[in-house]
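Please read the structure below before turning to the comments.
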Amino acid sequence: MKKSNLWLVPAAFFALCCTLNLWGCLSDNDLERCVKPALMPLLCLTTFTYLLTSARSAGAILLMCAQLFGFAGDTMLLGKGFAFFAGGIGCFMVGHIFYITLFGGISWKGLKAWHWAVALACCAAIVACLIKVIGISGAMLAPMGIYGFVLTLLMFSTLAGALRFGGFSWWLLFAGSVLFTFSDALIAVRNFGGLSPFMGGFVVMITYLAAQTMLAIGSVSLITRQTHRRP
């Protein structure tokens, strides 16, 4: 099938919406809230139109599912109150599981038991440190701990690929997962540690958008390469 550049259209709209969203974080909260729900659907449409003529695989489905759950999480977090916060975190966690399935399905093949033991212990230690530093306690301790563990596992799934296979795609995926963790840590600090909403909102969004873009580019490169290697 002849390769199409149709993906450039939603990509351009995604870049425009990113700019408007960040501008809204600094100057107009209503603009930020209006633009935010369009971000992930546009990124998902970009990956869909690109992979439509490049690679059709289970990996493409996993990537788009992760992005759509990111959209659901973005939308839920626009609401006020515990129910919306919990729903948003839950949607993002499901999205992370799709990402982990995509990346870990490649990077974890052939790992020995001690590799798993070290990785899981490191995940638990990182989450415990973050919870202690941020000051999460009470009813939110368990759900935020679980979410943090899943997010940290995402980092290790991309780091394993970067260390085992190398290459730009895997290191980009690792950088994206680290930025995602940093962005979510800022959200936790803003909600539990009293960070200024003004500064927190802008930094959260610029790191979040960078993370999702890196994960998309790295995933598309990885999926395309894996598909072309098939006999």
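Points to keep in mind about this one:
- The stretch 44-75 - residue that is hydrophobic (A, V, I, L, M, F, W, C) and in contact with a Ser or Thr (Cβ under 7 Å, 6 or more places away or on another chain) and, of those, modelled with the lowest pLDDT: Ala55
- Filtered residues of the stretch 142-174 (kept if aliphatic (A, V, I, L, M) and surrounded by fewer than 18 Cβ atoms within 10 Å (Cβ to Cβ)): Ala142, Ile146, Leu163
- Every residue from the stretch 67-80 that is part of a helix (DSSP H, G or I) and without any contact (Cβ under 8 Å) to a residue 40 or more places away in the chain: Leu68, Phe69, Phe71, Ala72, Gly73, Asp74, Thr75, Met76
- Test: residue in the stretch 103-118 that is under 30 Å from Ala12 (Cβ atoms) and in a helix (DSSP H, G or I): yes
- Lone qualifier among Val118, Val127, Val178, Val133 - being at pLDDT below 90 and within 25 Å of Phe202 (Cβ to Cβ): Val133
- Close pairs from the stretch 147-167: first within 13 Å of Ile106 (Cβ to Cβ), partner among the charged types (D, E, K, R) and surrounded by fewer than 22 Cβ atoms within 10 Å (Cβ to Cβ), Cβ under 7 Å, at least 6 apart: none
- Residues of the stretch 21-62 classified as more than 28 Å from Leu78 (Cβ to Cβ) and either loosely packed, with under 14 Cβ neighbours inside 10 Å or among the basic types (Lys, Arg) (or both), total: 2
A quick yes/no check of all residues on (1) closer than 18 Å to Ala185 by Cα; (2) surrounded by fewer than 17 Cβ atoms within 10 Å (Cβ to Cβ); (3) without any contact (Cβ under 8 Å) to a residue 24 or more places away in the chain:
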site: His96; (1), (2), (3): yes, no, no
site: Phe103; (1), (2), (3): no, no, no
site: Gly110; (1), (2), (3): no, yes, yes
site: Lys132; (1), (2), (3): yes, yes, yes
site: Ile136; (1), (2), (3): yes, no, no
site: Met140; (1), (2), (3): yes, no, no
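- Residue in the stretch 69-79 that is within 28 Å of Phe13 (Cβ to Cβ), surrounded by 14 or more Cβ atoms within 10 Å (Cβ to Cβ) and polar (S, T, N, Q) present: yes
- Residues (free of Cβ contacts under 8 Å to residues at least 24 places away in the same chain and among the β-branched types (Val, Ile, Thr)) located in the stretch 118-130: Val118
The values are calculated or read from the model by the stated rules, or taken from the named source; none is laboratory data. From a predicted model like this one, the values you see are computed outputs, not experimental measurements. Reconstructed Cβ throughout: ideal geometry from the backbone, glycine too, with neighbour counts over all protein chains shown.
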